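Notes follow the structure.
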Amino acid sequence: MFPIEEGETVLWSGRPQRYHRRFRDFYWWVVLAVLVVGGSFVIAWFDVLNVAFYPWVIVIALVAGFAVERPKERRALLAVTTYVVTDRRLVFVAHGGAGSEFRWVPLAALGVPRVHDLGDGLGTIDFSPGWWDWVKDQEHRPRPAWHPMLPELVAVRDAAQLAGLIARNAARPSRVG
């Protein structure tokens, strides 16, 4: 059942230790704030309260729904996720009510591991995503939790050592398909 191939060695496995908030979790709140301030200004300036009130309330409610749902989806995904680092790839395992689901990325396909220290011995490892990768990640939200997303190891212990382990093994040739 577990997708470890013959000859592949598990180097590390672990789970997120806690939920960690980032700017991406507050993205829709920023959009909501801009819409409320900008919309209020437009409604007051052009005196269109009678015409624009109900459509404006609907837009605000939709954006507020996205703002609440995004962190909730991420928290639920992190609660059931396990990370496995092998000598060839990074495997994401989600244990849900319908069974287990596996996604993986060859280590050679990842960027340079970057560690963000969260304090208390925890850190998050991402792989130097650019702004376009972040935009593509946002366009896939809010969709099912396993829709393509930026690979990252969130709130893991000894993140600097784990990033070094991934970087060393990423330089080795990989035969995983």
Gained length - A98 relative to T82, 0.36 nm times residue gap less alpha-carbon distance:
4.2 nm
Expected unfolding gain across Y27-S40 under the 0.36 nm per residue rule, minus the alpha-carbon gap, is 2.7 nm
Enumerate the calculated ³J(HN,Hα) couplings along segment 121-126 in order (Karplus 6.51 cos²θ - 1.76 cosθ + 1.60, θ = phi - 60°), each rounded to whole Hz, writing x wherever the residue is Gly or Pro.
x, 10, x, 10, 10, 10
Å² of accessible area per residue within segment 1-136, as computed with a 1.4 Å probe and no ligands counted:
60 Å²
Can you give me the distance in nm between label points at V68 and Q161, each placed 7 Å from the Cα along the Cα-to-Cβ direction?
4.3 nm
Extension gain A108-L49, at 0.36 nm per residue separation less the Cα-Cα distance, in nm?
15.6 nm
Under a point spin-label approximation (7 Å from Cα along Cα-to-Cβ), what is the V59-R75 distance to one decimal in nm?
2.9 nm
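The values are calculated or read from the model by the stated rules, or taken from the named source; none is laboratory data. If you're wondering where the values come from, they're calculated on a predicted model, not measured in any experiment. Cβ atoms come from the backbone with ideal geometry, glycine included; neighbour counts cover every protein chain shown. These accessible areas exclude ligands, DNA and RNA; they are computed on the full protein's heavy atoms, side chains included. Shrake-Rupley method; radii C 1.70, N 1.55, O 1.52, S 1.80 Å.
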